[in-house]
Structures are given as structure tokens and as C-alpha cells.
Amino acid sequence: MPTERRLTRRGFVKAVGAGVVLSAAAPALLAPTISAAPFRGATPAAAVPGTLVIGLVAEPTSLDPGQLTDINSMKLLGAMYDTLVRFKPNSFDLAPSLATSWDMSPDGLLYTFKLRPGVTFHDGTDFNADAVKFTYDRLLDPNDPYADTGPFPFAPGYYGSIAQTNVIDPLTVQFQLKRQDAGLLDAFTLNTGRIVSPQAVKTSRKDFAQNPVGTGPFKFVSWDHNVRITLTANPDYWDGAPALQQLIFRPLVDEQTRITEFLAGGVDVIFDVPPDNIDQVKSTPDAVFLEQPGPHVWWVTLNTKQPPFDNVLVRQAANYAVNKDALTQDILKGTATRAVGPIPPALTWAYTDQVTQYNYDPARATQLLQQSGVLMPINVTFWVTESGSGMQSPRTMGTAIQADLAAVGINAQIQTFEWGAYLNKYGAGLLDQAGMAELSWMFDSGDPAHMLPNNLYGPACSPKGFNGGCYQNPQVDQLLDSALQVYDRDQRGSIYKQIQRIVADDAPWIFVDNQIQNAATSTRVGGLQLHPSFYMTYLNQLTAT
Amino acid sequence: MQRYLLQRLALVVVVLLSVSLLVFVVTRLTPGDPARVMLGPRATDEQLAQLHVIYGLDQPIHVQYVSWLGHILRGDLGESIQLHRPVLTEVAERFRATLVLAFAAMLVAFSTGIGVGLAAALRANTLLDRLLMSVALLGISLPPFWVGLILIIAFSLILRWLPATGMLSATGDGGPPDLLAHLVLPTISLAVVPLAVIARLTRANVLEVVNQLYVRTARAKGLPPLVVVLGHIMRNTLIGTVTILGLEAGWLLAGTVYIETVFAWPGLGSMLVNAILQRDYPLVQGGVLLVAGVYVLINLATDILYLYLDPRLRYA
């Protein structure tokens, strides 16, 4: 036996120990090498001139605009379809799209749209008033012969006020409303209402979801499920032919995988760079980091029907106790700004910061708690989700909020739920189960009319709507109703500003932050505009060298 | 033997029925609701009720189960709530991707694992043996997703030899060379653990057999070493190896989920995770049933393989 070569026990322990240390240290050792590595090496997988590859956060669920409920899938729709009206670049001001002009009857119950002449769908059929009627009848009428190509979950929420769609002439269409709905015009910018080719829906029926046909700057070519979706330029696009020849979307579900693939050159554009990777992307030569404040708000609902948060002083104290700037800077790494109310600043016409602002002030919080006469310390249950659309870093944020509250004597007991279960819990209401719960919202229509009536409206107290803390203020309810009956945007804006002032004083939520959307592109990409709505718009202006 | 096979097949049916019931009940008992996940914070009770009717979720649970089972017997797994396409189509595509990866990993794990184990056993207690077994121990200890990340850093980000993620490149033609290039890194990451297990097991089995009298007899007869190794040593270690084959194949099919996540591989594991998060009942049920079916069939095949490999079992 070659005993002299035998590994002693001590030697073995040493070797294993060294191995463990080395393997643990390997990523750290390699990290500087990665960021220093030349970006886009000899064979960048995606660098075909005229072709752009966009990384998605998941496989799209469908390409039928009416069916979609997730922001990720909606990213493709702007490439293939158009809406009646759209937002101007960089703002929530309306601009013509498939409709060239529009007007409303004095009572607000008739919306009339003049349509753009000479537009054709990708299948060669004409875009006209019949196509608009077909699109909205399919979405809204359960007895429509093509209603079974749905379901269309978002349609009743956005377009529920439409009673009937009438064709006046081939290029004039009229919506007749059941009730006044001043938010409807903004709702026509939404993905749900994108105009589909009637011919294609009739031919493909349910398969339309896999074979989309619209009027947009790019035509659908193929959907290689879970691998890629390929679109090609529509040279006849009414707003100018795209500069690109080809647009490809790839699903990359894991966020680190997405970053890796971007750094390896496999995709040209990724959205939602995680806060921890932003410095890495910014320090990569040949990568461009884009930011755009958006229509997002993140808050903690307080249960206004149960002690201690039925007391407005306690709710205000909670707002003073939470250090929101620390949250946006330390946890979210600057990917968000502090929120002062329920409406995000991106909605410039409806937003105001002239409200009671709750700057971080634990002393003030303690003082308010004393004034409230509530017995200290306070014990409450705090619902926290593990993840969720628009929820940013819900667990870390929940823990930080918990620590801030504990410092003033509010002991929040965190209960964590996975997103699907969380929505169920929150949707049923906080009731006697919880004092606090996290939530967020995306105002993608650029209009508070589609959010506030479901979240801060008395009659929408859960489970009727999504007003989980059951905030009820008759004055706010009345203002919300009247905002739907006023058609002048400035006038509506001032009503929403008034609502913000009342809501800020009532403090039914801890207002936390507004997210800043971000994206990373390689330097070969041009013309990518992040829109405040978080939609991808004006895609015919994209370039790739 | 026929009777034995019939018994086993009957058992397969019972197992699958139980799995179908279990997965159905568990998905319904899990808090959450596909309609709520779809609508998010936009949900009103009216909209939820509408969607429940469309998806048949307003029916009593036993009615839903019987109707689902009836459709399965007619070969219809239903339609995915989230993906708006037939469950069978989605599951089949995902399963194919997982199968490609699992098969490649199995091929690498078994060919290399048996080779390494045999080499170590035949040179037992030498430096080669210790080196191989230390590497194998390391292999078992490394989390596969970590191996995957390290491989990506080394071969995709620094050396730029191989694509980092995906099954096919976005702009390529999707031909076999494209697929092979994408297969290399995930295959290695997935194969490391089973390879190491097989190598250690093969070594132990071979060592047990190598000193048996019949091996000595074979050598004494003057048989060439290769014949001794293949015909006498390996043949008698195969039962153990096949047992592991069955177990590891199941593990590879179900356990690819980490690797699929790291490499954005469009397989069944990542599909199931997502379907569960979205409460896509038909897709979860169809996916689990398929995985269970394959697992049960692999085990059946393993048992049948025993009979072939070891004649003694045929009369037991």
C-alpha cells in the first residue's frame, strides 16, 4: 500500500476548507472581471443591423389586446396595434392616432371620433368605423358572436360606461354612454382597447391570440413559444415606416439571467434593471441606462374601521414615523421617489404636492400618539406580500417600515403571503384580520378616474372593490363622482387636487413611493423612449446599427 | 411474469388516479384565485364572478373534478387560463425542452459517471482513485445552480465561447448546431450531481464484485481483462446502476427547475412554477399529471429491466 501518499485527516480538512473558501469567494473574485470585460465581444448574438432584440420578463400570455392583464405581454402590443388616441411622447397629453379628431356632446353621453383614412390592417383589410365597432362590441357585449374569443378581464373596468358603438359613416364612429365618464377618453389610449382586424378575428377565432393582426408599425411573423416572437417592419405604416427591419422579443424570466444575457450581448434592451444591478449596468461601457418617472404609487393601507387606525392621529403618526427617503435611497437605490399622496407626480395635470406632507419625524409621531389617547404600545398585524406586479421589494420594504414603526411604539407583526394568496386576502378586506397591508397601483391610463374609485371610494369598501382599509369620507366620494362628470381637464385636475389634500389629511394610507421605470440598452440602439405610462410607444422610431 | 406485469400496470392506473385527485384538491385548497391574479388590484366582486363563470370555477368542486377527469379520458387537458392555449400543446412543448436537457444530462452523467467509477475502482486506493473520488465528493456538494452561474461567467461573459441562456438564439436559424451550443452549459450543470453519485456508486459496486471468486476464476481461465471487466464485473453491478438510473431520471425530469431558471431554458419545471404562482389550475394539473405519469412509467421500466438483467428475479 502506498501509505506515504495517504491523505491525513487533518490534510483532508484543510483541503476541503480551502475548497469551500475558494468556491465561496469565486463569484466575488470574478465580479470585477465581468464588469471590466469588453462589452459585446467578437460574436454578439444579437448584433444584426436592423434587428433589435428585446428581453421580456416573462413569456407573453397572449397577443390579443383584449385578453391581456399583464404589463409584460402588453409591451408587444404597441408594435402591432394602434389605439384610437395616444399620448404624446413624454407626457400624458392626448395626440391623434387612428382617430384624427374627436368631440363630446354637451351632456357628455356621446363621444364622436373622426377616423384616419387610408389605413389598412396587416392582412390587407381596411381600417374603418366597422373595425372600431367590431373591436368594442367584442370586448363589451357578452352576446357578441365573437365574445367567446375572450375573456376580456379589463374591458368592463375601463369601458363599462359604453352602452353602444355606432357607425355613422365609414370614417366616423360614435360611442353612446350609459353614464357620464370623463375618464373614458384617456381609457382609449389603453392596451385593452387596441383596434383588431375583424377579418382576422373572424378567421382565427380563439387562435387570434397566437396570430395577431393590427395596424401597427410591425407585423407579426412567428411565435416560437418560450423562445422568441418575431415581428417584421410594416412598410405601409401610416405614421412612417419603421427604421428597423425586424423586432424580436425574448422571454428571460429570472432577473439575474436577464442581466447576464444583456451583458453577454444576447439581448439589446431590458426593462426593470433590479436596484442592485444598476451600478453594474451604469459602469458598463457601451450600455445606456434610461430612466423615466411613471404612473406608479406604493403604499401601506391602514385599517380605518378598527383600532388603532380608526383614529386619524394614529394614522398620521404612522406616516411621520416611516422614513420614506431611506426606503427609496437605501432599499430601492434611487429607483423611486417619495410619495406624498395617492396620485403620482407623473400625472402632472392631476397631481399636487400642496398637501400635508409627512416628512420623517419620529418625535412628531410620538407626540401625535400621545395626543390620540391610544394605549401604548400598539400591536397590529401587517400583511406583506413576497412579490407582485409593481410591488418592488415588498419584504425588505415591509421590514424597514416595521422597524420605523417599532421605534415609536407601534409593533407591527408581519404576516407574509405569496402574491396570489395575498390578492385574495387583500381583496376580501383587512376586516378584523389586519391593521396594515401593502399595495401598489399603475395609473397606465394617466387618469385617476380608473384607480381612485376602486381604492379610496366608500362604496368600493372590500370585498365590493379594492378599498381594503374601507376608507370612507363622504366628501371624497362626492368629489370622485363629480370628477367623472366634468369634461374640462383643468377643472377635473383641480377636483383631484382637492381630493389629494383631503386624503393626505385623513391619511388612510402610509404614502410610500413612486417608482421610476428604467431600462438598459446597448449603444447600438436608438430612438427608444420610455413613456410615463410605462408603455412602449412610437416604435417606428427605433433604430439598431 | 405476465401476471406480474398486469399487476404493475393496474397499479400505475391507481397511482395516476390518486395523483389526479390529489393535485386537483391541492390546487383548489391553495389560497388564491386565477381571476384575482389576472385582475390584480383592479378586481371588483362583479368582475371576479364573471370570470369564475367563464372558467367554471363557480361549480362545486366535485363537479369540476369529474368534468376534468372526463375530458382527460377523451385526451383533452383543457385550456390554460393564463396562456390562452391548450394545456396539452404547452405541456408537450415544455416537456420536449426538458426532455432534451434531461436526456443530454443523463447521457453525460451515466457515460462519464460509470467510466470514472470504474477507473477509480480498478485503481482503488491509488492517487487516481482519491483524486477522482474527491472531485466526485465536490460534485455532490456543489449546488447545480451555482455551477451554472460559474459556467456562465467563465464561458459566456469572459471567454464568450458559448451563449449564456436560452434554448435557441434570438436571431439564429434554430438548427441543431444552435441547439447544441445552447445545451453545453446547462447539461454540465445538471449532470454534475448525478455524475458524481453514479461514479461513487459504481466504484463501490465494482469493488464489491472484483474480489468475488467468479472473477478470480474468469481471470484464471485467462480471459482478456476487457471481457472480465465488461462481462463479469460490470454485468453484476448493473442492478445497482439501473436502480439509480430510475431514480436519477426522475430527479432530472423534475429537478431541472433551478437550471431552467438560471439558463432561461423553456422547460416544464419553470412552466409549473409560473403556473402555480398564477393559479393556472388546468396547467398545473396537466403538468403535474404528466410528470407523475412519466415518473411512474420510468419506474415501471426500471422494474422490467431488473427482470431482464437478473434472471433470478423472474422466478421470484
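The values are calculated or read from the model by the stated rules, or taken from the named source; none is laboratory data. The model shown is predicted, which means the values in this text are computed figures rather than measured ones. Backbone-built Cβ (ideal geometry, glycine too); neighbour counts: all protein chains shown.
Within the group A:Phe113, A:Phe92, which residue is touching a Phe, Trp or Tyr at 6+ places or on another chain (Cβ under 8 Å), outside any loop (DSSP other than H, G, I, E, B) and surrounded by 22 or more Cβ atoms within 10 Å (Cβ to Cβ)?
Exactly one of A:Phe113, A:Phe92 is touching a Phe, Trp or Tyr at 6+ places or on another chain (Cβ under 8 Å), outside any loop (DSSP other than H, G, I, E, B) and surrounded by 22 or more Cβ atoms within 10 Å (Cβ to Cβ), namely A:Phe113.
With (1) within 23 Å of the chain's Cα centre (by Cα); (2) surrounded by 14 or more Cβ atoms within 10 Å (Cβ to Cβ); (3) under 30 Å from B:Trp265 (Cβ atoms) as the list, and B:Met38 as the residue in question, which single condition is left unmet?
All conditions pass for B:Met38, except number (1).
Within the stretch A:263-305, take every residue that is in a loop (DSSP other than H, G, I, E, B) and within 12 Å of another protein chain (Cβ to nearest Cβ) and give me the one that is surrounded by the fewest Cβ atoms within 10 Å (Cβ to Cβ).
A:Thr284
Answer with yes or no whether B:Leu157 is within 8 Å of chain A (Cβ to nearest Cβ), within 19 Å of A:Ala264 (Cα to Cα) and of a type in the set (A, V, I, L, M).
Yes.
Of all residues in the stretch A:451-479 being surrounded by fewer than 19 Cβ atoms within 10 Å (Cβ to Cβ) and hydrophobic (A, V, I, L, M, F, W, C), which is nearest to the chain's Cα centre (by Cα)?
Among those that are surrounded by fewer than 19 Cβ atoms within 10 Å (Cβ to Cβ) and hydrophobic (A, V, I, L, M, F, W, C), it is A:Cys461.
Any idea how many residues of the stretch A:334-352 are β-branched (Val, Ile, Thr) and in contact with a Lys or Arg (Cβ under 8 Å, 6 or more places away or on another chain)?
So the count comes out to 1.
Could you please let me know if B:Ala119 is in a helix (DSSP H, G or I) and among the small types (Gly, Ala, Ser)?
yes
Please work out which one of (1) buried (at least 18 other Cβ atoms within 10 Å of the Cβ); (2) touching a residue at least 60 places away in the same chain (Cβ under 8 Å) is the condition B:Leu179 fails and give its number.
(1)
Run A:Trp383 past the list (1) more than 22 Å from A:Asn319 (Cβ to Cβ); (2) of a type outside the set (S, T, N, Q); (3) within 14 Å of chain B (Cβ to nearest Cβ) and report the number of the one that doesn't hold.
If we test A:Trp383 against (1) more than 22 Å from A:Asn319 (Cβ to Cβ); (2) of a type outside the set (S, T, N, Q); (3) within 14 Å of chain B (Cβ to nearest Cβ), just (1) comes out false.
Looking at the stretch A:169-185, I want the residues that are closer than 12 Å to A:Asp103 by Cα and have a partner that is of a type in the set (Lys, Arg) and part of a strand (DSSP E or B) with Cβ atoms under 8 Å, at least 6 apart or on another chain. Which pairs are those?
Listed pairs, sorted by first residue: A:Thr172/A:Lys114.
When only residues in the stretch B:156-175 that are modelled with pLDDT of 85 or more and more than 21 Å from A:Val253 (Cα to Cα) count, which is surrounded by the fewest Cβ atoms within 10 Å (Cβ to Cβ)?
Taking the candidates together, the pick is B:Leu159.
For the stretch A:156-186: of the residues being over 17 Å from A:Val85 (Cα atoms) and among the hydrophobic types (A, V, I, L, M, F, W, C), which is farthest from the other protein chains (Cβ to nearest Cβ)?
A:Ile168
For the stretch A:469-480, indicate whether the set of residues that are touching a Pro at 6+ places or on another chain (Cβ under 6 Å) and in a loop (DSSP other than H, G, I, E, B) is non-empty.
Yes, some residue in the stretch A:469-480 is touching a Pro at 6+ places or on another chain (Cβ under 6 Å) and in a loop (DSSP other than H, G, I, E, B).
Which ranges mark the helices (runs of 4 or more DSSP H) fully within the stretch B:171-265 that have 2 or more residues being among the hydrophobic types (A, V, I, L, M, F, W, C) and within 30 Å of B:Val296 (Cα to Cα)?
In the stretch B:171-265, B:176-210, B:235-254, B:257-262 are the helices (runs of 4 or more DSSP H) which contain 2 or more residues that are among the hydrophobic types (A, V, I, L, M, F, W, C) and within 30 Å of B:Val296 (Cα to Cα).
Restricting to the stretch B:304-316, count the residues that are assigned to a helix (DSSP H, G or I), hydroxyl-bearing (Ser, Thr, Tyr) and loosely packed, with under 15 Cβ neighbours inside 10 Å.
1
Residue-wise test of (1) within 11 Å of chain A (Cβ to nearest Cβ); (2) without any contact (Cβ under 8 Å) to a residue 24 or more places away in the chain; (3) within 27 Å of B:Leu268 (Cα to Cα).
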residue	(1), (2), (3)
B:Asn125	yes, yes, no
B:Met133	yes, no, no
B:Ile140	no, no, yes
B:Phe145	yes, no, yes
B:Leu149	yes, no, yes
B:Ile153	yes, yes, yes
B:Leu168	yes, yes, yes
B:Gly175	no, yes, yes
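Mind listing just one residue for me: the one in the stretch B:56-82 that is more than 26 Å from the chain's Cα centre (by Cα) and outside any helix (DSSP H, G or I) and, of those, surrounded by the most Cβ atoms within 10 Å (Cβ to Cβ)?
B:Leu57
Name every residue in the stretch B:33-63 that is touching a Gly at 6+ places or on another chain (Cβ under 6 Å) and either more than 7 Å from chain A (Cβ to nearest Cβ) or small (Gly, Ala, Ser) (or both), in order of residue number.
B:Ala43
Out of the stretch A:397-415, which residues are assigned to a helix (DSSP H, G or I) and buried (at least 18 other Cβ atoms within 10 Å of the Cβ)?
A:Met397, A:Gly398, A:Ala400, A:Ile401, A:Gln402, A:Asp404, A:Leu405
Within the stretch A:476-493, can one find any residue that is under 30 Å from A:Gln413 (Cα atoms) and either within 14 Å of another protein chain (Cβ to nearest Cβ) or among the aliphatic types (A, V, I, L, M) (or both)?
No - not one qualifying residue is present in the stretch A:476-493.
Could you list, in sequence order, all residues of the stretch A:411-437 that are away from chain B (no Cβ under 11 Å) and either over 23 Å from the mean Cα position of the chain (by Cα) or acidic (Asp, Glu) (or both)?
Of everything in the stretch A:411-437, those that are away from chain B (no Cβ under 11 Å) and either over 23 Å from the mean Cα position of the chain (by Cα) or acidic (Asp, Glu) (or both) turn out to be A:Asn411, A:Ala412, A:Gln413, A:Ile414, A:Gln415, A:Leu430, A:Leu431, A:Asp432, A:Gln433, A:Ala434, A:Gly435.
Quick one: count up the residues across the stretch A:229-262 that are within 29 Å of B:Ala275 (Cβ to Cβ) and part of a strand (DSSP E or B).
Number of matching residues: 8.
Please go through (1) crowded, with 21+ Cβ neighbours inside 10 Å; (2) over 25 Å from the mean Cα position of the chain (by Cα) for A:Asp361 and return the number of the only condition it doesn't satisfy.
(1)
Answer yes if at least one residue in the stretch A:388-403 is more than 26 Å from A:Tyr320 (Cβ to Cβ) and at pLDDT below 90, and no otherwise.
Within the stretch A:388-403 (the criterion being more than 26 Å from A:Tyr320 (Cβ to Cβ) and at pLDDT below 90), the answer is yes, since at least one residue qualifies.
Looking at B:Thr98, is it surrounded by fewer than 18 Cβ atoms within 10 Å (Cβ to Cβ) and either within 14 Å of chain A (Cβ to nearest Cβ) or among the aromatic types (Phe, Trp, Tyr) (or both)?
Here the answer is no, as B:Thr98 does not meet what is asked.
Out of all the residues in the stretch B:120-129, which are touching a Leu at 6+ places or on another chain (Cβ under 7 Å), surrounded by fewer than 22 Cβ atoms within 10 Å (Cβ to Cβ) and at pLDDT 90 or above?
None - no residue of the stretch B:120-129 is touching a Leu at 6+ places or on another chain (Cβ under 7 Å), surrounded by fewer than 22 Cβ atoms within 10 Å (Cβ to Cβ) and at pLDDT 90 or above, so the list stays empty.
Taking the conditions exactly as written (crowded, with 21+ Cβ neighbours inside 10 Å and under 18 Å from A:Ser204 (Cα atoms)), does A:Thr135 satisfy them or not?
yes
Go through the stretch A:507-541 and report how many residues are farther than 17 Å from A:Asp286 by Cβ and either modelled with pLDDT of 95 or more or not hydroxyl-bearing (Ser, Thr, Tyr) (or both).
22
Go through B:Ala301, B:Ala275, B:Ala292 for me and flag whichever is under 20 Å from B:Arg28 (Cβ atoms), in contact with a Gly (Cβ under 9 Å, 6 or more places away or on another chain), in a helix (DSSP H, G or I) and among the hydrophobic types (A, V, I, L, M, F, W, C).
B:Ala275
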